[in-house]
Amino acid sequence: MKAETKTEETEKLEYIRHSLAHLLAAAVIKKFPGAKLGIGPVIEHGFYYDFELPQAVAPADLKELEKTMRNFVNKNLVFEGTTVSVTEAKKIFKDQPFKLDLIKELEEKGEKISIYKTLLSAADNRQSAAIFTDLCRGGHIATTNEIPADAFMLDRIAGAYWRGDEKNPMLQRIYGLAFASKKELEEYRALMEEAKKRDHRVLGKQLKLFTISDLIGAGLPLMQPKGMIIRRAIEDYLWDLHRYKGYSRVGTPHIAKESLYITSGHAAKFGDELFRVQGKEEKFIMKPMNCPHHMQLFADNQFSYRDMPVRYFEPATVYRDEKSGELSGLTRVRAITQDDGHLFCRVSQIGDEVKTIAGIIKEFYATMGMLENYWVSLSVRGDDKSKYLGTEENWNAAETALEEAAKADGLPYKRIEGEAAFYGPKLDFMFKDAIGRAWQLATIQCDFNLPERFDLSFVNEKGERERPVVIHRAISGSLERFMGILIEHFAGAFPVWLAPAQVTVIPVSEKIAKYGKEIYETLLAKNIRAEWSEPDESLGKRIRAAEMMKIPYILVVGEKEEHEGMVNVRSRKSASLSSSEPASAEETAMKTERFIEKIQREIRERTR
């Protein structure tokens, strides 16, 4: 397969979004004279523009700005680009400090400077007055006639530091949505409304899965008992997928001497994201990655070619001091538990190892119901080979091995030039959740860097030292982030094998409590996660409470069930999309033994 190229439709939509960013800036200047302009790039689903303004933009202002933008669209404005000198650029943007900052950078790099004017078009098609001028590389549509006026809207307001540096001024960022048609815009907005109902932060609190404590700190989530059940179920499943494929579990400490990360390069790479610990005599770092520890495990052995590959597996927590404004529930945290794995192998073994890992990934995500319409990014080197570590021979072998493994395993991959890590090529797996949002989750990466830095070797057939290749692989990525995604994917209505409570036993009255308790205790004895509902409130209220907690099975027992040795099974038919509305249910009566066999099979087979 060739490197991915943009289609004409994709390119035109990018141009529309970029042009809309200019129209937004023009509308803001009209409403807020003296506004200072930041940048206005195209992003997924739309665009944004950053401003320093004399007053805060209110949500009500977005409608007015949007109306002004539509007026611009209807004027058939023209976009005209031209190259200017540094002197001309500084003159044009003399009152725009952020633009002058960008011009200075372009001047230092020796790059050309281009501007784009948004112009009124005269009746005879001669261009006249410019309503807006921006420092811009392009591209744009020719005229605003090409913009569907009903397919864009201003979405929200946020804050952003200039150039992402908290030492710089805080700017106001206005986000916009833009699509090729009104229908696509409406579909996306409906998707976002559904996403709000599935928000893992809301459901996590409602279902008592995790806690964020101000006393402990942002980005350091605590797993409630029910959340820990889910996490352990995921961990156990991951280990089940690896245990018979030559992996060995290892354990490593949470801190290490600073010198380890200087050697590995992580001290320089992560910089101020590192948590540093001062011991009595030495400086330590809370580990940002597990890789250097695993290098030391390999180094403390005398391996030969007969031992290769060597495979380590460790679901371990690493720590990174992310900015507080970027933290969010479970999906962006400071304590990150990676289902980490490192394989040490020969270049000739890369293909077989990748095929095995890809098989594990596919099985895992098929179980989660996320395998449909996934794709894989095969990230390889760009044209500038000087940016990458390792020999041409090894790179060619690794890239070929990854691509051949992708083909052999039928992976829907796209070859992306210039996206490889500096230490090797990689396969990044992109999966969609139940409402169609794409997430980058699993990854397989080849690494020539760390074996070199730590001088790792094994003895080959000739009795010579040979350098191994390291394959980094993660199936779920971060367990915290994956749990957050999973909560939203299932809308909190987990399949039986993952559900914190798999069954609730509800007796219709105190008179039937003894029979109900016998069933409850039998379920517990069979390792089924059951809950007991005391008959101290109305039956309807207790059923409703169990439904609100999205429990897969509700067993209602009365005199008839006691007499016949049966249970009335209410099974959750479909996941609730709203925290205020329970899922619909199906009811059936069956023998208790038959129900136990049924649920045990679902747990064992991890059915959805």
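Quick notes
- Selection from the stretch 514-535 of residues that are within 18 Å of residue 602 (Cβ to Cβ) and among the basic types (Lys, Arg): 526, 529
- Identity of the residue in the stretch 234-249, of a type in the set (Lys, Arg) and either within 27 Å of the chain's Cα centre (by Cα) or assigned to a strand (DSSP E or B) (or both), that ends up nearest to residue 321 (Cα to Cα): 249
- Condition check for residue 100: without any contact (Cβ under 8 Å) to a residue 12 or more places away in the chain and hydrophobic (A, V, I, L, M, F, W, C): yes
- Taken together, the residues in the stretch 419-475 that are assigned to a strand (DSSP E or B) and either over 31 Å from the mean Cα position of the chain (by Cα) or not hydrophobic (A, V, I, L, M, F, W, C) (or both) amount to 14.
- Scanning the stretch 69-83 for residues that are surrounded by 17 or more Cβ atoms within 10 Å (Cβ to Cβ) and either closer than 20 Å to residue 110 by Cβ or among the β-branched types (Val, Ile, Thr) (or both) returns 73, 78.
- Options 252, 263; residue that is crowded, with 16+ Cβ neighbours inside 10 Å and part of a loop (DSSP other than H, G, I, E, B): 252
- Condition check for residue 169: assigned by TED's automatic domain parsing to the domain that holds residue 368 and out of contact with any Cys (no Cβ under 6 Å at 6 or more places or on another chain): no
- Residue under evaluation residue 81, criteria (1) within 19 Å of residue 171 (Cα to Cα); (2) in contact with a Gly (Cβ under 7 Å, 6 or more places away or on another chain), criterion not met: (1)
- Residue 228 fulfils the conditions (1) over 27 Å from residue 469 (Cβ atoms); (2) crowded, with 16+ Cβ neighbours inside 10 Å except for a single criterion, (2).
- Residues that are under 17 Å from residue 352 (Cα atoms) and either among the acidic types (Asp, Glu) or free of Cβ contacts under 8 Å to residues at least 24 places away in the same chain (or both), drawn from the stretch 398-447: 399, 400, 403, 404, 407, 409, 410, 447
- Flag for residue 459 being closer than 30 Å to residue 211 by Cα and either surrounded by 21 or more Cβ atoms within 10 Å (Cβ to Cβ) or modelled with pLDDT of 95 or more (or both): no
- Filter result for the condition that a residue is in contact with a Phe, Trp or Tyr (Cβ under 9 Å, 6 or more places away or on another chain) and not in a strand (DSSP E or B), over 20, 62: 20
- Qualifying residues in the stretch 282-311 (those that are in a strand (DSSP E or B) and within 23 Å of residue 259 (Cα to Cα)) - the one modelled with the lowest pLDDT: 283
- Contacts under 6 angstrom Cβ, first residue in the stretch 512-541 being polar (S, T, N, Q), partner buried (at least 16 other Cβ atoms within 10 Å of the Cβ), 6 or more apart: 533/504; 533/506; 533/542
- Out of 369, 390, one residue alone is at positive phi and surrounded by fewer than 18 Cβ atoms within 10 Å (Cβ to Cβ). It is 369.
- Scanning the stretch 210-233 for residues that are outside any helix (DSSP H, G or I), within 22 Å of residue 474 (Cβ to Cβ) and either among the small types (Gly, Ala, Ser) or touching a Lys or Arg at 6+ places or on another chain (Cβ under 7 Å) (or both) returns 219, 220, 223.
The values are calculated or read from the model by the stated rules, or taken from the named source; none is laboratory data. Bear in mind the structure is a predicted one, so any value in this text is a computation, not a measurement. Positions of Cβ are generated from backbone atoms using ideal geometry, with glycine treated the same way; all protein chains shown enter the neighbour counts.
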